[in-house]
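Presented below is the structure to which this report refers.
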Amino acid sequence: MPPFRVVLYLATVGMLVMSFRAILVGPPPLELSAIAMTAYFALVLGGVFVLRWRVFVDAVVRGPQGARGVALTFDDGPHPKWTPRVLATLAKHDAKATFFLVARKAEEHPDVVRAILDAGHAVGLHSYAHDRLFALRREGRVRGDLERGIAALEKLTGSRPTLFRPPIGHTNPVIARVVDKLDLTVVGWSAAGRDGVASANAEDVVSRVRRDLRDGAIVLLHDSPEKGNREPAAVKALPLILDALAAERLDVVPLESFMPPEN
């Protein structure tokens with residue numbers, strides 16, 4: 001069990017004990033109560049916002065112990081201009097990646113989806129609509145979005161997607177229940193260039209990614225802006241990242257090789 005999930009369980013028990021004690025004996029000092037509540041809610045919010053903590057979902061955030069190589073992943077595409085640029089760079093370096101597609105965009109650009117597959121890359125689901133408030137939605141809406149996204153990608157690719165990266169990486173118990181029911185494997189990351197923001201530049205993206213490049217790393221980049229047609233910083237950063245991997249003698253490996261074995 002992930003350490004932060006254990007901490008949350010223990011903190012929840014502690015909060016319950018404090019509540020029962022307040023009823024039976026009397027409330028604790030106000031300052032102590034305020035500190036305990038603040039710490040507890042900070043832990044819960046961290047569980048929502050920090051996917052690598054794996055508080056609510058059993059996400060794959062890096063390769064298993066002993067894994068070799070680095071897996072490259074791209075979010076928010078496909079884009080008719082920038083995704084082909086990324087594909088050309090990957091082809092030049094004979095590297096394969098996994099593209100987590102926004103299914104709504106995939107429906108708009110089926111030719112780009114086909115180009116991804118024809119080049120030997122894998123695809124996963126990044127939701128249908130990429131709702132930034134996805135973690136605040138009710139279970140019915142979350143399930144509806146994911147089922148629509150699964151159906152769209154299955155129609156476009158001929159196979160049902162099994163990998164899912166939540167929009168902006170946020171999770172909660174509702175999302176955990178839905179992905180479990182839909183038999184989706186949640187994929188996070190261990191190295192990110194923060195290239196999705198408009199202010200990002202290629203040099204900073206490369207620097208951030210290089211800090212976490214090691215065997216078993218899952219790298220998060222973007223082949224499309226979330227909205228609009230701005231060039232993602234990863235388009236220019238990718239050749240430099242691939243050169244850095246070669247310099248470190250780290251192979252680019254399929255994300256699939258990091259997945260847990262099926263039961």
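The values are calculated or read from the model by the stated rules, or taken from the named source; none is laboratory data. Bear in mind that the values here come from a model prediction, so they are computed numbers and not experimental data. Cβ: placed from backbone, ideal geometry, glycine included. Neighbour counts: every protein chain shown. What goes into the accessible areas is simple: the full protein's heavy atoms, side chains included, and nothing from ligands, DNA or RNA. Shrake-Rupley method; radii C 1.70, N 1.55, O 1.52, S 1.80 Å.
The condition (being within 30 Å of residue 104 (Cα to Cα) and loosely packed, with under 15 Cβ neighbours inside 10 Å) is satisfied by just one residue among 14, 46: 46.
Residue 238 meets each of the listed conditions (1) within 23 Å of residue 254 (Cα to Cα); (2) out of contact with any Lys or Arg (no Cβ under 8 Å at 6 or more places or on another chain); (3) free of Cβ contacts under 8 Å to residues at least 60 places away in the same chain apart from (3). Quick check on residue 95: is it touching a strand residue (DSSP E or B) at 6+ places or on another chain (Cβ under 8 Å) and either part of a helix (DSSP H, G or I) or closer than 22 Å to residue 214 by Cα (or both)? When the stated conditions are applied, residue 95 passes them. Out of all the residues in the range 22-38, is one or more surrounded by 15 or more Cβ atoms within 10 Å (Cβ to Cβ) and at pLDDT 90 or above? Within the range 22-38, not a single residue is surrounded by 15 or more Cβ atoms within 10 Å (Cβ to Cβ) and at pLDDT 90 or above. When 112, 123, 102 are checked against the criterion of being out of contact with any Lys or Arg (no Cβ under 7 Å at 6 or more places or on another chain), open to solvent by less than 20 Å² (accessible area, probe 1.4 Å) and under 15 Å from residue 164 (Cα atoms), a single residue qualifies: 102. In the range 97-113 there is no residue matching the filter, namely being of a type in the set (Lys, Arg) and at pLDDT below 95. Checking every residue in the range 73-92 against the condition of being open to solvent by 20 Å² or more (accessible area, probe 1.4 Å), touching a Phe, Trp or Tyr at 6+ places or on another chain (Cβ under 8 Å) and more than 30 Å from residue 43 (Cα to Cα) gives zero matches.
With respect to the conditions (1) open to solvent by less than 30 Å² (accessible area, probe 1.4 Å); (2) in a helix (DSSP H, G or I), residue 224 falls short on a single one, namely (2). Sub-7 Å Cβ pairs linking a first residue in the range 137-153 that is touching a residue at least 40 places away in the same chain (Cβ under 8 Å) to a second residue that is among the β-branched types (Val, Ile, Thr) and open to solvent by less than 70 Å² (accessible area, probe 1.4 Å), at least 6 apart or interchain, are 153/123, ordered by first then second residue.
Cβ-Cβ contacts under 7 Å between residues 6 or more apart (or on different chains), taken from a first residue in the range 157-182 that is open to solvent by 60 Å² or more (accessible area, probe 1.4 Å) to a second residue that is not in a loop (DSSP other than H, G, I, E, B), are listed as 160/150; 160/154; 162/185; 177/139. Anything in the range 1-50 that is in contact with a helix residue (DSSP H, G or I) (Cβ under 6 Å, 6 or more places away or on another chain) and either β-branched (Val, Ile, Thr) or more than 29 Å from residue 176 (Cα to Cα) (or both)? List them, or say none. The one that is in contact with a helix residue (DSSP H, G or I) (Cβ under 6 Å, 6 or more places away or on another chain) and either β-branched (Val, Ile, Thr) or more than 29 Å from residue 176 (Cα to Cα) (or both): 48. Would you point out the residue of the range 201-216, among those that are assigned to a loop (DSSP other than H, G, I, E, B) and within 28 Å of residue 68 (Cβ to Cβ), that is most open to solvent (accessible area, probe 1.4 Å)? The selected residue is 214. Answer yes or no as to whether residue 129 is open to solvent by less than 50 Å² (accessible area, probe 1.4 Å), part of a loop (DSSP other than H, G, I, E, B), over 20 Å from residue 252 (Cβ atoms) and not acidic (Asp, Glu). Judged against the criteria, residue 129 is a match. For residue 219, the stated conditions hold: it is among the β-branched types (Val, Ile, Thr), in a strand (DSSP E or B) and open to solvent by less than 50 Å² (accessible area, probe 1.4 Å).
Residue 132 meets the conditions (1) more than 17 Å from the chain's Cα centre (by Cα); (2) at pLDDT below 95 in every case but one. The failed one is (1).
Here is a yes/no grid of residues against (1) in a helix (DSSP H, G or I); (2) over 20 Å from the mean Cα position of the chain (by Cα):
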{"position": "23", "(1), (2)": "yes, yes"}
{"position": "27", "(1), (2)": "no, yes"}
{"position": "35", "(1), (2)": "yes, yes"}
{"position": "44", "(1), (2)": "yes, no"}
{"position": "86", "(1), (2)": "yes, no"}
{"position": "90", "(1), (2)": "yes, yes"}
{"position": "107", "(1), (2)": "yes, yes"}
{"position": "116", "(1), (2)": "yes, no"}
